[in-house]
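Bear in mind these aren't lab numbers, they're just calculated from the coordinates by the rules spelled out. Everything numeric here is computed off the predicted structure, so don't read it as measured data.
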Amino acid sequence: MSSLAQNGSAPGEQADPNFILNSCRDIDYRIEATSSFITRLQTLRNRVGSELDQGTIARDLANIASESSVSFKSLINEISSLKRMPESGSPRNQPQIGRVQRKLKGQMEQYKAKEMEFEHAVRDQMRREYRIVNAEATEEEVNAAVPNAEPQQMFQQALMTSNRQGQANTTLNAVRQRNEAIKKIERDIIEIAELFSEMENLVVQQEAAVVNIEMKGEEVVENMDKGVQQMDTAIVSARSRNRKKWYCLGLVVIIVAIIAIVLAVHFTSNKSDDSNKTAAKRAVIPGTDFTTSDRLVIPGASFVESRMVVAGKDWSEEKAVVPGADFTPVVRKWKKFIA
């Protein structure tokens, strides 16, 4: 885990709004990892009564004591650093800090209980070892020598009344190492308990900053409510605007349809009028060919659209020339039938 000082912000400032939450999650994982110390103590306790090389047990116990002390102290210091941050008192962060603090406390209590079980197992082993160097000792003598005596004092008393001095010296060295490791664990547990007590009693610093953060949080909530209201208003306005667009589009379609109908009726009416006018300019006379109002068709002569031509006669611009007859222009303006 990165150090709390590496957050990239000065004391009292916090660059990452999720820094405390992320730190609590990392601390939670590391608390889970301390379960290995409890497991190792249990394994060591089972070895006390069955393993002859008590020196190995003493060394393993010393390693557990050293590693557990470093781990628990580091976790306590990091939780304390989080509690000193002004943001630690916010409703978002405070429950998470409290959760990892309670979890660490429970883990430390389990470790302490397992250490006490190990110590009782060691005391029982010391009673057996005392009988090794002083086989004639009574139960009362063993009970009086083991519970509170130092290993040196206990075995010196046994050596005075025993002939097994070589075995006693070997046992004494193993017991001395093991006893020193147990005492180290006890000292570490006391020191860790004191640090934990200080952490529990730690008051969050910079109360003014905490109050300011709470006020800012209330302002954020208020602004969010206003933003939601404005969004609702904007949605209603957008829907109204869309409806008006559809209304305008429908109106345009109706106007275009009306114009198309009017134009269609107009052109149809003009064609009908043209047909009527063309029919009015023509006259039909039974027994004669059709003539227009400004042209004359003479029986036996071919009709020409723009002028009259009589066979064997020169063409005239304004009249038709008929052999032996004077020209009389004829203009007809209406239809006429001759019986």
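In terms of overall dimensions, the C-alpha atoms belonging to segment 21-110 reach 56, 18, 16 Å along their principal axes, ordered largest to smallest.
What is the P(r) of segment 70-124, as percent of Cα-Cα pairs per 10 Å bin from 0? Going out from 0 Å in 10 Å bins, segment 70-124 shows 22, 38, 23, 12, 5, 0 percent.
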